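The values are calculated or read from the model by the stated rules, or taken from the named source; none is laboratory data. The shown structure was predicted, so the numbers you read here are calculated from the model rather than taken from an experiment. Here the Cβ positions follow ideal geometry from the backbone for every residue, glycine too, while neighbour counts run over all protein chains shown. Calculation scope for accessible area: heavy atoms of the full protein, side chains included, ligands and nucleic acids excluded. Shrake-Rupley method; radii C 1.70, N 1.55, O 1.52, S 1.80 Å.
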Amino acid sequence: MEQSRLSAAQLGITAAAIAGDTGSLYRMAAALLDEGVPFETVLFEALLLSERDVGLRWQAGDYLVSEEHAATASLETVISLLAGSFDQPREGSQIVVATTQGDHHSLPARAVAAHLLFLGYRTTFLGANVLASDLRDYLESEPPDAVVLSCAMTVHLLGARDAVRECHAVDVPVLVGGKAFGAEGIWARDVGADGWVLEAKDVAARLQSWTPDPRRAEAGAKNPDEILERVIDQRSAVLADAEGRLDHSLSQPKGTRWREELLMTQRAVEASLLVEDVTLLSEFLQWQAQTLDAHGLTGHTEAVASLSQALQALVPEVGNWIGRALDG
Ligand code: B12
């Protein structure tokens, strides 16, 4: 299919998505399929690319959060409708697809599950924010050939490590993907993944070619050391201490937004300590500063300083970690 036709279709799909017009969006996707456009192309180069565009344009301030929500909900509904039109095969490889605990970014994983089902895999999609213990319970009853684990944000990497550990405990290999694993998937090995894939559309090909060894992957994985365990134990005390310090340093009342930002920063500190890579925290702090600035919120420096001082006071061993990340 010529690229111009596909780009035109994608523009129409994005417009319908932003308008929350799921019916038109579905009809556009169905029309492409009727024209003989491969399912993968409709899924990854029309529907998912629209989401990526919406995400980037929201980030640039062109779209409201509510418009991004409308678009995501419409695209997710249409992908579910298309997936619902494929019968679950009675036999063949069995794959469980899940989004990491704490992570609500389920759309890419839903698209991966739809694609695998289309290709004839017995596929189960467990949705967003799947607790590692729940994932284990699900696998224990009928261990699948593999788990595909999605994670969009580095702040959820400890959750990804927990999920991989639980999968390996029942000898199920894990293929991971999503922005959380860093460029080139540098942090995938640290969470014990048996494989990493950059693009959602390439999962099926990797499942065909990989030779996972869960025991070897688990042996190479990182686990929280004694100091990180203490940081995790002290989470609420550190947060309360940091909030107290922030109250004194901010001129205007801080509101709940700062609590969310402090919580996310704490998780980024923990994730960077798990993978023993301060650049993870540097990248997070840079993104946070830019995003808060784009949203007209001042006080990022004070917030980061208050968290750094709270860590210094309660877990002195990591007191300079934020400082090192800021030095970049
Ligand atoms: C939609 C969305 C949401 C929706 C998700 C709804 C849903 N059902 O999925 C909702 C509203 C829930 C949400 C919430 C939040 N979000 Co959000 N979200 C997005 C958004 C706009 C699009 C994500 C998406 O699906 N993109 C489409 C995919 C296809 O594109 P992609 O990620 O580039 O994926 C490609 C590859 O990475 C890879 N890939 C991606 N996932 C996977 C998975 C597998 C298995 C594989 C193999 C490959 C793979 O393949 C894809 C295409 O080929 C992004 C912005 C963006 N630019 O991506 C922000 C974004 C991810 N969100 C962000 C944030 C901060 C949040 C919130 C904290 C906001 C808040 N303050 O509440 C919350 C956190 C909720 C939580 N606990 O997870 C930040 C994360 C930044 C960071 N530091 O990591 C982003 C980047 C926005 C931004 N620029 O600031 N979000």
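Nothing charged except the Cβ atoms of Lys and Arg (+1) and of Asp and Glu (-1): what's the magnitude of the dipole of the chain about its Cα centre? Round to the nearest 20 debye.
160
At 7 Å along Cα-to-Cβ for each site, give me the label-to-label distance between Ser141 and Ala31 in nm.
In this crude spin-label approximation the distance works out to 4.2 nm.
On a 0 to 90 degree scale, rounded to 10, what angle separates helix 300-314 from the longest Cα axis of the chain?
Helix 300-314 sits roughly 60 degrees off the main axis of the chain.
Helix 3-18: angle to the longest alpha-carbon principal axis of the chain, degrees 0 to 90, nearest 10?
60
Could you order peptides 38-50, 163-175, 234-246 by the average number of other Cβ atoms within 10 Å of their residues, highest first?
Listed from highest to lowest mean packing, they are 163-175, 38-50, 234-246.
Return one number: the angle in degrees, 0 to 90 and rounded to the nearest 10, between the long axis of the Cα atoms of helix 235-249 and the longest principal axis of the Cα atoms of the chain.
Taking Cα atoms only, the helix is inclined about 70 degrees.
Could you do me a favour and compute the accessible area per residue for segment 169-269, 1.4 Å probe, result in Å²?
Per-residue accessible area for segment 169-269 comes out at 53 Å².
Using a Förster distance of 35 Å, how high is the FRET efficiency between Glu276 and Thr77, based on the Cβ-Cβ distance and rounded to 0.05?
Computed FRET efficiency for Glu276 and Thr77 comes out at 0.30.
Modelled label-to-label distance, Trp210 and Ala15, 7 Å Cα→beta-carbon offset: nm?
According to this spin-label approximation, the distance is 4.0 nm.
Measuring from label point to label point, each 7 Å out along Cα→Cβ, what is the Asp233 to Arg57 span in nm?
Calculated label separation equals 5.1 nm.
Given the -39500 (n - 2.57) contribution per DSSP H run of 4+ residues, what per-residue ellipticity at 222 nm results for the chain, rounded to the nearest 500 deg cm²/dmol?
-18500 deg cm²/dmol
Taking all protein chains as present, what is the carbon and sulfur share of the accessible area of segment 1-85, in % to the nearest whole number, probe 1.4 Å?
58
For the chain, calculate the relative contact order in percent as a whole number, restricting contacts to Cα pairs under 8 Å that are 6 or more residues apart.
With pairs under 8 Å counted, the relative contact order is 12 percent.
Relative contact order for segment 24-99: what is it in percent, counting Cα pairs under 8 Å that are at least 6 residues apart?
Worked out over segment 24-99, it gives 29 percent.
Once fully extended, how much extra length lies between Val65 and Ala240, figured as 0.36 nm per residue of separation less the alpha-carbon to alpha-carbon distance?
Length difference between fully extended and current span is 60.1 nm.
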